[in-house]
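Undergrad: Next up is a structure, given as structure tokens.
The values are calculated or read from the model by the stated rules, or taken from the named source; none is laboratory data. The structure displayed is predicted, hence computed values, not measured ones. What goes into the accessible areas is simple: the full protein's heavy atoms, side chains included, and nothing from ligands, DNA or RNA. Shrake-Rupley method; radii C 1.70, N 1.55, O 1.52, S 1.80 Å.
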Amino acid sequence: MPRPILATIHPAAFRHNLERVRRAAPDARVWAVVKANAYGHGIEHVFDGMRGADGFALLDLAEAQRVRSLGWRGPILLLEGVFELRDLELCSRLDLWHTVHCDAQIDMLAAHKTNVPQRVFLKMNVGMNRLGFTPERYRSAWARLNALPQVDEISLMCHFSDADGPRGVAEQMAAFAGATRDLPGERSLSNSAAILRHTVEQAQATAHPEACVVSDWVRPGIVLYGSAPDYPEQTAAHWGLQPSMTLAAKIIATQIVPARAGVGYGSSFVAESEMRIGVVACGYADGYPRICPTGTPVLVDGVRTRTVGRVSMDMITVDLTPVPTAGLGSTATLWGRAANGALLPIDEVAACAGTVGYELMCGLAARVPVEVAA
Ligand SMILES: *Cc1c(COP(=O)(O)O)cnc(C)c1O
């Protein structure tokens, strides 16, 4: 029998969260961002729930190939563009649209032999300082691209560094608008945080209309997976999002721990009085962060309790005091939705680990079996 641990993917959540995005950006087309193997969910597992999107955005050519082999004929965008010249052959063969963020990529396009011109997204660096042309250099890059027979339509794109925080997007949006004012082409600006936080309604409500982002194409990632891009300022429930992944494992042993006895490696937890604990078949080798301290929330049979002691490679120990009926075979929900409908937001667990929901999803280990819910 395999270890009793399972990640369940909820296609209904993708449909719901996609609808949420469409309500926030009613006039935009939606790139469903499925990089990093669909944020750890598995591209094959999310595809059906996300096929209502207008396109798929990702980084990896192998992943683009997988999306095509699932039968997707619509747009696919490579968010970092190509890495070497021969990648362009695959772009031609699979009809991939790709980002152009540096001169070397324009050189590659100029050297690419093709009869079918390619659709590109020219990226501006508006302040993140990772990828893209500065506003000053953007127009000359556009002109160079526009002169190439290998290039078809040029769309204009940027990526905000602070859409989830107090700095917001107004300044970076102004830089983008200023440098693109008279350039033709579709625009793509917003990630999840910008989609939710910088809508028309929000801008009006805060009397900062300049902070409203309007895109022809939005690029939601994390919201589609039901995690809040700006936790803990806002929660997934606040934004009306549903979790797309549940990680659950069974209790494989219970112990009565006497007062003043320790639990787990290093005896980092010491029982104040006699207590019952459960041993859960999930550890850091499954992707549950080792750094999660005693007190990290967990659901046992849908009842909220806490972890105690150190996370080990294959096991976590949990306090059964609030769930006296739980025992061998009970289900511990590490994040997501329990059978009784109770929710444990991945963002809460991530915060205990000093990280974000993104990292926990992406860190789901290959050894964890994954099932797609009906
Ligand atoms: C990852 C990524 C996104 C999606 O970001 P979220 O915060 O998950 O919505 C959007 N655009 C680009 C360029 C990205 O790399």
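Undergrad: So for the chain, averaging the separation of alpha carbon pairs under 8 Å that are six or more residues apart and normalising by length, what relative contact order in percent results? Provide the component values of the computation, followed by the final result.
TA: Numbers: 847 pairs, mean separation 64.8, N = 374.
17 percent.
Undergrad: How would 246, 321 rank on accessible area, largest to smallest, probe 1.4 Å?
TA: Heavy-atom accessible area, descending, gives 321, 246.
Undergrad: Show the residues, 5+ positions off or on another chain, whose built amide H is closer than 5 Å to the amide H of residue 55.
TA: Residues meeting the criterion, in which the H sits 1.01 Å from N, are 30, 32.
Undergrad: What whole-number volume per residue, in cubic angstrom, does the convex hull of the C-alpha atoms of the stretch 74-158 give? Provide the component values of the computation, followed by the final result.
TA: On the way: hull volume 6.9 nm³, N = 85.
For the stretch 74-158, the hull spanned by Cα atoms encloses 82 Å³ per residue.
Undergrad: To continue, here is another question. Using a 1.4 Å probe, how large is the accessible area of residue 59, given in Å² and rounded to the nearest 10?
TA: Only protein atoms counted, so the area is about 50 Å².
Undergrad: Taking amide H atoms as placed 1.01 Å from N in the peptide plane, list the residues 5 or more away in sequence, or in a different chain, whose amide H sits under 5 Å from that of residue 308.
TA: 295, 317, 318, 319
Undergrad: Ordering 169, 370 by accessible area with a probe of 1.4 Å, largest first, what comes out? Numbers along the way, then the final one.
TA: Numbers: 169 0, 370 50 Å².
So the residues, ranked largest to smallest area, are 370, 169.
Undergrad: Per residue of the stretch 156-169, in order, report the coupling 6.51 cos²θ - 1.76 cosθ + 1.60 (Karplus, θ = phi - 60°) as ³J(HN,Hα) in whole Hz, putting x for Gly and Pro.
TA: For the stretch 156-169, the Karplus-derived couplings read 10, 9, 8, 9, 7, 8, 10, 5, 9, x, x, 5, x, 10 Hz, x marking Gly and Pro.
Undergrad: Under a cut-off of 15 Å between alpha-carbon atoms, report the aspartates and glutamates in cross-link reach of residue 250, not counting same-chain residues fewer than 8 places apart.
TA: Hits, sequence-local ones excluded: 286, 301, 314, 319.
Undergrad: Continuing with the same structure: Can you put 48, 230 in order of accessible area, largest first, using a 1.4 Å probe?
TA: Correct descending sequence by accessible area is 48, 230.
Undergrad: Let me ask you something else. Give me a comma-separated list of calculated 3J(HN,Hα) values for the stretch 214-220, in order, Karplus coefficients 6.51, -1.76, 1.60 applied at θ = phi - 60°, integers in Hz, x for any Gly or Pro.
TA: Computed from phi, the couplings for the stretch 214-220 are 10, 10, 6, 10, 9, 10, x Hz.
Undergrad: Shifting gears a bit: Can you tell me which lysines have their Cα less than 18 Å from the Cα of residue 123? Leave out same-chain residues fewer than eight positions away.
TA: 35
Undergrad: Separate question: Leaving out ligands, DNA and RNA but keeping every protein chain, what accessible area does residue 148 have, in Å² rounded to the nearest 10, with a 1.4 Å probe?
TA: Rounded to the nearest 10, the figure is 30 Å².
Undergrad: How far is the Cα center of the stretch 232-284 from the Cα center of the stretch 309-374, in Å?
TA: If we compute the Cα centre of each part, the gap is 8 Å.
Undergrad: In 20 Å bins starting at 0, how do the alpha-carbon pair distances of the chain split up by percent?
TA: Reading upward from the zero bin: 27, 49, 21, 3.
Undergrad: Heavy atoms of the protein only, probe of 1.4 Å, neighbouring chains included. What is the accessible area of residue 60 in Å², nearest 10?
TA: The accessible area of residue 60 comes to roughly 70 Å².
Undergrad: Follow-up question, since we're still on this one. Using 0.36 nm times the number of residues separating residue 321 and residue 233, minus their current alpha carbon distance, what extension gain do you get?
TA: Length gained between residue 321 and residue 233: 28.6 nm.
Undergrad: What are the ³J(HN,Hα) values, in whole Hz, obtained from phi via the Karplus relation 6.51 cos²θ - 1.76 cosθ + 1.60 with θ = phi - 60°, for each residue of the stretch 58-74 in sequence order, with x given for Gly and Pro?
TA: Running phi through 6.51 cos²θ - 1.76 cosθ + 1.60 with θ = phi - 60° gives 7, 10, 9, 4, 5, 5, 4, 4, 5, 5, 5, 6, 7, x, 6, 9, x Hz.
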